[in-house]
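The values are calculated or read from the model by the stated rules, or taken from the named source; none is laboratory data. Given the structure is predicted, the values throughout are model-derived calculations rather than measurements. Virtual Cβ from ideal backbone geometry, glycine too; neighbours counted across all protein chains shown. Only protein heavy atoms, including side chains, enter the accessible area calculation; ligands, DNA and RNA are left aside. Shrake-Rupley method; radii C 1.70, N 1.55, O 1.52, S 1.80 Å.
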Amino acid sequence: MLSFLPHALRGTLALILLLLHTVFWCTAIYVFVPIKILIPNTRVRRWCTRQMVSIAEMWITCNCLLLKLVQRMEWDVTGVEGLNPNHSYFVCSNHQSWVDIVVLQKIFNRHIPFLRFFVKQEMIRIPFLGAAWWALDFPFMKRFSKAYLEKHPEMRGKDLETTRKACAKFAGGKISVLNFLEGTRFTRSKHQRLNSPYQRLLPPKAGGFAATLDAMGNQFDAILDVTIFYPDGTPTIWQLLSG
């Protein structure tokens with residue numbers, strides 16, 4: 001435990017360790033990418049995907065160990081009893097911070113199939129992570145603003161079409177797909193601006209949810225409805241790392 005260190009030093013050390021092992025695990029994943037691309041055999045590609053997923057699960061395990069190293073964290077988790085890694089799940093959750101991803105990965109790692117979530121297309125440019133998400137078959141989404149759609153009405157519905165194509169590659173396998181129904185992180189300003197009828201949620205954006213169910217509905221064994229609550233307020237990634 002490094003909880004005796006000052007917050008700034010603890011966070012800096014944790015950030016360095018996080019970057020180093022992110023590079024390490026991403027590099028391990030990249031080893032299988034040329035095989036998956038160059039050998040047009042379904043069995044070989046699925047084998048490559050399985051190896052990369054195993055590496056990603058080890059990566060998540062290391063993230064959890066890193067959190068234990070830098071701080072004492074209390075988890076109060078209910079409802080994970082009976083989950084099965086051999087079943088497929090559609091995971092829906094509220095969204096408050098990038099910390100949510102860390103929380104969901106920690107809770108569900110190896111309890112359900114490897115958790116994938118929709119990623120904005122622009123995020124493929126993030127060093128190391130973007131390429132790793134692509135290699136692990138994360139579904140990339142291209143979203144259009146209202147202003148863009150007004151100028152290019154022919155593009156309406158293209159984002160949902162992209163969702164269906166992204167989901168099609170998972171046909172026949174065991175999969176967990178995460179969807180933040182609010183479509184963006186919750187803030188009080190967004191809550192007021194959107195005139196949300198809910199006390200702690202933004203109005204849901206049902207398009208992606210509907211498109212995923214349309215493409216994969218028969219494949220899912222259950223929907224997991226997740227609520228994440230931070231008793232001391234919504235944390236940032238830096239607050240998570242610094243304790």
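Please go through region 3-25 and give me each residue that is open to solvent by 60 Å² or more (accessible area, probe 1.4 Å) and farther than 16 Å from VAL102 by Cα, ordered by number.
PHE4, PRO6, HIS7, ALA8, LEU9, THR12, LEU13, ILE16, LEU20, PHE24
So, in region 105-141, of the ones that are over 19 Å from ASN84 (Cα atoms), touching a strand residue (DSSP E or B) at 6+ places or on another chain (Cβ under 8 Å) and assigned to a loop (DSSP other than H, G, I, E, B), which residue ends up most open to solvent (accessible area, probe 1.4 Å)?
Looking at the filtered set, the residue picked out is PHE118.
Give the residues of region 188-223 that are more than 26 Å from GLU161 (Cβ to Cβ) and among the aliphatic types (A, V, I, L, M), sorted by residue number.
Matches in region 188-223: LEU201, ALA222.
Which of the residues belonging to region 28-64 are assigned to a helix (DSSP H, G or I) and open to solvent by 70 Å² or more (accessible area, probe 1.4 Å)?
Of everything in region 28-64, those that are assigned to a helix (DSSP H, G or I) and open to solvent by 70 Å² or more (accessible area, probe 1.4 Å) turn out to be ILE37, LEU38, THR42, ARG43, ARG45, ARG46, TRP47, ARG50, MET58.
Among (1) of a type in the set (Ser, Thr, Tyr); (2) at pLDDT 85 or above; (3) under 18 Å from the mean Cα position of the chain (by Cα), where does THR187 come up short?
(3)
Just need a number here: residues in region 38-80 that are over 23 Å from the mean Cα position of the chain (by Cα), modelled with pLDDT of 85 or more and over 23 Å from PRO113 (Cβ atoms).
So the count comes out to 2.
Enumerate the pairs (first residue in region 206-228 and over 15 Å from LYS174 (Cα atoms); second residue anywhere and of a type in the set (Lys, Arg)) with beta-carbon separation below 8 Å, excluding pairs fewer than 6 apart on the same chain, so at least 6 apart or on different chains.
The qualifying pairs are ALA211/ARG164; ASP214/ARG164.
Under 7 Å by Cβ, and 6 or more places apart or on different chains, what pairs join a residue from region 125-142 that is over 25 Å from GLY173 (Cα atoms) with one that is surrounded by fewer than 15 Cβ atoms within 10 Å (Cβ to Cβ)?
That search, which allows pairs on different chains as well, returns PHE128/VAL23.
So, in region 191-243, of the ones that are open to solvent by 100 Å² or more (accessible area, probe 1.4 Å) and among the hydrophobic types (A, V, I, L, M, F, W, C), which residue ends up nearest to ILE112 (Cα to Cα)?
Among those that are open to solvent by 100 Å² or more (accessible area, probe 1.4 Å) and among the hydrophobic types (A, V, I, L, M, F, W, C), it is PHE229.
For LYS68, are the conditions met, namely being touching a Lys or Arg at 6+ places or on another chain (Cβ under 7 Å) and either assigned to a helix (DSSP H, G or I) or crowded, with 17+ Cβ neighbours inside 10 Å (or both)?
No; evaluated as a whole, the condition is false for this residue.
Evaluate the following for ALA168: is it modelled with pLDDT under 80, closer than 28 Å to ALA28 by Cβ and out of contact with any His (no Cβ under 9 Å at 6 or more places or on another chain)?
yes
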